[in-house]
Amino acid sequence: MAIDNIFVFVLVFNYFGVPPVYQHRVLFYGIFGALVFRAVFIAVGAALMQYHAVVLIFGVFLVLTGLKLLWSPEQEIAPEKNPLIKLFRRVVPVSPDIHGSSFFVKLGERWHATRLFIALLFLEISDIVFAVDSVPAIFAVTREPLIVYMSNVFAILGLRAMYFLLADALRRFELLKYALALVLIFVGLKMTWLNSMYDGKFPIEWSLAIIAALLIGAVIASIVRGAREPRSQARET
């Protein structure tokens, strides 16, 4: 599920408007937390299967978000209007600003969570949901806890580098954001519908092929579009 995690990372950072300069810090703590949570999940093993309803809810959220990004790719970030921040604010005071690299800041006499901490929180939530789906699948292959955990460790440690590779590609290729929206929709459909059609696990080969086709197609279309625009501008002048 590592590929799926990366696209959710992009979604979370865009949704909360986290500047690239602070994304390294959020990912560092997010991956550290993921390693801890995976160890806990592997310790409890098959008990994760009871949270299948959470997987369905998260899948629906990804589908709806993908559709929203597909039809409105250029959305202005307004954290103070974010419904997720509004919900969290009922429990913990939240500042709508970044406040540098701090996760918490003291405003007046009260401590407030920053938008950076909210992004970290939702990264951890997303990893928990993906762990619910992936860890039991690995237990189906081997019952050795060390092998299960180390396979998760190697997958998670590669997420940080792969994320920044994708983030840079999104800036270079304009149409890649539409492919991202389609991938999110596909991941959501896989979690809510496609996995159940294939005895609980959609074929990984098909998943990679679909994601690769969407990304490569978007890159090629972006290059072709970029080559045509200078020609059209030259003709107009």
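General observations
- Selection from region 102-128 of residues that are assigned to a loop (DSSP other than H, G, I, E, B) and either modelled with pLDDT of 85 or more or in contact with a Ser or Thr (Cβ under 9 Å, 6 or more places away or on another chain) (or both): Ser102, Phe103, Thr114
- Filtered by the rule that a residue be surrounded by 16 or more Cβ atoms within 10 Å (Cβ to Cβ) and within 21 Å of the chain's Cα centre (by Cα), region 97-112 gives Ile98, Phe103.
- Matching helices (runs of 4 or more DSSP H) fully within region 129-237 where at least 3 residues are modelled with pLDDT of 80 or more and more than 20 Å from Ala43 (Cβ to Cβ): 176-189, 204-236
- The set of residues in region 9-65 that are at pLDDT below 75 and on the phi > 0 side of the Ramachandran plot contains only Gly45.
The values are calculated or read from the model by the stated rules, or taken from the named source; none is laboratory data. Because the structure is predicted, anything quoted here is derived from the model rather than measured. Note that we place each Cβ from the backbone using ideal geometry, even for glycine, and neighbour counts take in every protein chain shown.
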